[in-house]
Each structure stands twice: as C-alpha cells, then as structure tokens.
C-alpha cells in the first residue's frame, strides 16, 4: 500500500476469496451520511449489509474495510456492459461526503489527492482499464446519484484515472440547451456503446440521462437530451 492507512474491518463481505483476474472495475461512491462517524458506523455494522473496500476520509486518510480479494457489498443491483451485480468484479471506494440528501459539497483536495494515489496503485496492481473506472450512478442509474456532479471526473481523467471526451468547451457551450429532434434512439445507441446497460432501455430514461450528465456533462443535470449531450455521447462512443 503506497499510503498510510487505517484498518477497520467490516463484516459485510463474502468469505470466499476471488481470483485476482476477476477484479476489472473501480467504482467510486460518496458516503451520503450526515457525518463521517455515521458513515464508518454504517459501513462496519453487520445489520447494514453494506461495505466498500476503502473509505477516504475528509482529511484524506484511507481506511481499509475489506481486503481487495474479498467481495465487498458496495454496488448492489448493478450493471455495466455484459456484467451484472458488479460486486464480484470490482473494488469499491467510498469518499466521505454528505451527498445530495444532506448537503452535497465539493470533495476536498486532500481526498482527491489520496484517491489519485490509491486508484493508481489499484489500476497498476489489477491492470484495470481506464474505461472500467466508474461511478455508482453509472452502474445503478435508477437508484444512485453518487459520486455526483461535483466529483472531478475530468481532472481525474487527466491523471489517467477514468476517461473524458476531447471536445472543446467553447463548442459544447454553444450546444447546451439546444433542442434535439428525433435523437433519443441515437443517444441511447451511444450510451450502450459507452457501457450503460441495455436493461435500462425501457425504464426511467430521465435518471439514466442524468447519470450520463453527472459523469460527462456536470454543468447541467436535468435529464434532458440536448445537442451537447448528443455530441459528447457520440465522441465517447
């Protein structure tokens, strides 16, 4: 481990070890609790049935809840490309933040610096493809909003953690809120190529669109496909 970290093992994982090759994804979360103390209590309480592998505290310290080779219960009902129930193929990283329900705020620079170091270590160790670095809302868009629109995906992509489009901001700004005609099917074709599960095709479209926007167009999260969203989707696909 490249960073100093604390160990606070959680009981919320499967007892059988998985092969190293099964780890293909990193999934980022926010804790979504009123306080960091409550987050730790929840992630280590057997009755909650929830745990990540790591927690990054507000001061940047890393807490280990579940060793990497065990399946932690962090993603729940989830899907990405051909994968379902991503717990078995992923490492979950929680970042302390009250989330949308309790006063969502920017992540601290200490948290992001620790996240970069931890992620780079895990990416190298498990040979994780940058397109397999996801948010909880990417894999469970009907249920989840985290890590949310304040999470610095673009900055992380510059550090080779995740990926981003290569379109100019000036061009995109001109397309924002511009109406699209007969583009819904085309946009969803792009979404499915990116990796969003086809199981969401006939469900609550608005939440899936919002998940895409939180990830790739965080300046405006409204669940409406505009020309900016369409172009970003095409570029990424």
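The values are calculated or read from the model by the stated rules, or taken from the named source; none is laboratory data. All figures in this text were calculated on a predicted structure; none of them were measured in a lab. No Cβ is skipped: glycine too gets one built from the backbone with ideal geometry, and neighbour counts run over all protein chains shown.
Would you confirm whether or not segment 199-208 contains a residue that is on the phi < 0 side of the Ramachandran plot, modelled with pLDDT under 95 and in contact with a strand residue (DSSP E or B) (Cβ under 9 Å, 6 or more places away or on another chain)?
Taking every residue of segment 199-208 in turn, at least one turns out to be on the phi < 0 side of the Ramachandran plot, modelled with pLDDT under 95 and in contact with a strand residue (DSSP E or B) (Cβ under 9 Å, 6 or more places away or on another chain).
When you go through 48, 96, 108, 52 one by one, which is the residue that is touching a residue at least 40 places away in the same chain (Cβ under 8 Å) and over 19 Å from residue 149 (Cα atoms)?
Answer to the selection: 52.
Just give me the residues in segment 12-21 being part of a loop (DSSP other than H, G, I, E, B), out of contact with any strand residue (DSSP E or B) (no Cβ under 9 Å at 6 or more places or on another chain) and touching a residue at least 60 places away in the same chain (Cβ under 8 Å), in sequence order.
18
Filter the helices (runs of 4 or more DSSP H) completely within segment 68-181 down to those with at least 2 residues that are at pLDDT 95 or above, crowded, with 18+ Cβ neighbours inside 10 Å and out of contact with any helix residue (DSSP H, G or I) (no Cβ under 7 Å at 6 or more places or on another chain).
109-126
Give just the number: which of (1) touching a residue at least 60 places away in the same chain (Cβ under 8 Å); (2) closer than 18 Å to residue 229 by Cβ does residue 117 not satisfy?
Residue 117 satisfies all of (1) touching a residue at least 60 places away in the same chain (Cβ under 8 Å); (2) closer than 18 Å to residue 229 by Cβ except (2).
Considering only segment 22-33, I want to know if a residue exists there that is surrounded by fewer than 20 Cβ atoms within 10 Å (Cβ to Cβ), touching a strand residue (DSSP E or B) at 6+ places or on another chain (Cβ under 8 Å) and modelled with pLDDT of 95 or more.
yes
State all residues of segment 210-225 that are crowded, with 18+ Cβ neighbours inside 10 Å and modelled with pLDDT under 95; if no residue qualifies, say none.
Hit for segment 210-225 is 225, nothing else.
Tell me which residues, restricted to segment 164-196, are under 24 Å from residue 139 (Cβ atoms) and touching a strand residue (DSSP E or B) at 6+ places or on another chain (Cβ under 8 Å).
Of everything in segment 164-196, those that are under 24 Å from residue 139 (Cβ atoms) and touching a strand residue (DSSP E or B) at 6+ places or on another chain (Cβ under 8 Å) turn out to be 195, 196.
Which residues, taken from segment 45-67, are assigned to a loop (DSSP other than H, G, I, E, B), under 18 Å from residue 123 (Cβ atoms) and in contact with a helix residue (DSSP H, G or I) (Cβ under 8 Å, 6 or more places away or on another chain)?
52
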